[in-house]
1. Mind grabbing the accessible area of Ser28 for me, 1.4 Å probe, Å², rounded to tens?
2. Between Leu90 and Asp114, what's the calculated FRET efficiency when r is the beta-carbon distance and R0 is 22 Å? Round to 0.05.
3. Using a 1.4 Å probe, how large is the accessible area of Val209, given in Å² and rounded to the nearest 10?
4. Would you calculate a helix-derived [θ] at 222 nm for the chain, using -39,500 (n - 2.57) for each DSSP H run of n ≥ 4 and dividing by the full residue count, to the nearest 500?
5. Roughly how many Å² is the accessible area per residue of the chain, as a whole number, for a 1.4 Å probe?
6. Using Cα springs under 10 Å in a Gaussian network model of the chain, which residue among Asp57, Asp97, Asp66 shows the largest mean-square fluctuation?
7. Name the shape class, rounded, prolate or oblate, that the alpha-carbon gyration tensor gives for region 28-107, where a ≥ b ≥ c are the square roots of its eigenvalues, rounded holds for a/c under 1.5, and otherwise prolate holds if a/b is larger than b/c and oblate otherwise.
8. Check Thr20: other-chain or 5+ apart residues with amide H under 5 Å from its amide H, H built from backbone geometry?
Amino acid sequence: MAKIIFHGHSFLEIQTNGKTILIDPFISGNPKCDIKVEDAKCNYIILTHGHGDHFGDCIEIAQKNDATIIATAELATIVGEKVKSHGMNLGGGYNFDFGRVKLTLAHHSSSTPDGRYAGDPAGVILTIEGKNIYHAGDTALFYDMRLIREACKIDYAFLPIGDNFTMGIDDAVKAVDFLNPKITIPIHYNTFPVITVDENEFKRKVESVFKKCQILNPGESIEF
Ligand code: NI
Ligand code: MN
């Protein structure tokens, strides 16, 4: 059995096959996060890109847990100065001991909180226990999302809807059309004033095109 816990913003915790994986563990400075840095336990951390609201507390958490950080090559090299890391790049997949990780395109930018170039930003397809989970990272809407849909059946799509830095509601609804996931969960909204949107408007619009949308509050989870 697997569990995906939403911890606010773009931060997910995935428990599967006796391992715990964190994606974009933004805790310090995240008013929506429901856990403390010292409570974050994991074997792996996946970073979609280097921005502070995704990079978050990854170094401290990786050090405390002896965890490996998975990221695009340039970002993996930077964090690799301090902790174990596994570099990948867009379009590449790798079978880890918990499941498969494939990095996808994301149309955005990427640098570390201290201003270093961090390669391309990414989305992530995680394949665990027979399900495909897509975490889009920070991205604009892009037409090649249709290629993701052709390549794999997405069970859970975590899509940014907060506008300003990423897709807003209407572009994210179009992304649902391109991706056709079984269930869409909105992320990257209402953390800061500049990304304030009405998540229920997103849910209504997704449901109006006969797709499923589930809003998770920080601390809530999905099990399968
Ligand atoms: Ni970003
Ligand atoms: Mn962001």
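1. 70 Å²
2. Numbers: r = 24 Å, r/R0 = 1.07.
It comes out at approximately 0.40.
3. Surface open to solvent at Val209 totals about 70 Å².
4. On the way: 6 runs with 47 residues, N = 224.
Using -39500 (n - 2.57) per qualifying helix, the result is -5500 deg cm²/dmol.
5. Details: 9280 Å² over 224 residues.
I get 41 Å² per residue for this part.
6. Looking only at Asp57, Asp97, Asp66, the biggest GNM fluctuation is shown by Asp97.
7. Numbers: a/c = 1.66, a/b = 1.41, b/c = 1.18.
Prolate.
8. Amide H neighbours of Thr20, under 5 Å, 5+ apart: Asn43, Tyr44.
The values are calculated or read from the model by the stated rules, or taken from the named source; none is laboratory data. Predicted, not measured: the structure shown is a model, and the values here were computed from it. No Cβ is skipped: glycine too gets one built from the backbone with ideal geometry, and neighbour counts run over all protein chains shown. Heads up: the accessible areas ignore ligands, DNA and RNA and are worked out on the full protein's heavy atoms, side chains in. Shrake-Rupley method; radii C 1.70, N 1.55, O 1.52, S 1.80 Å.
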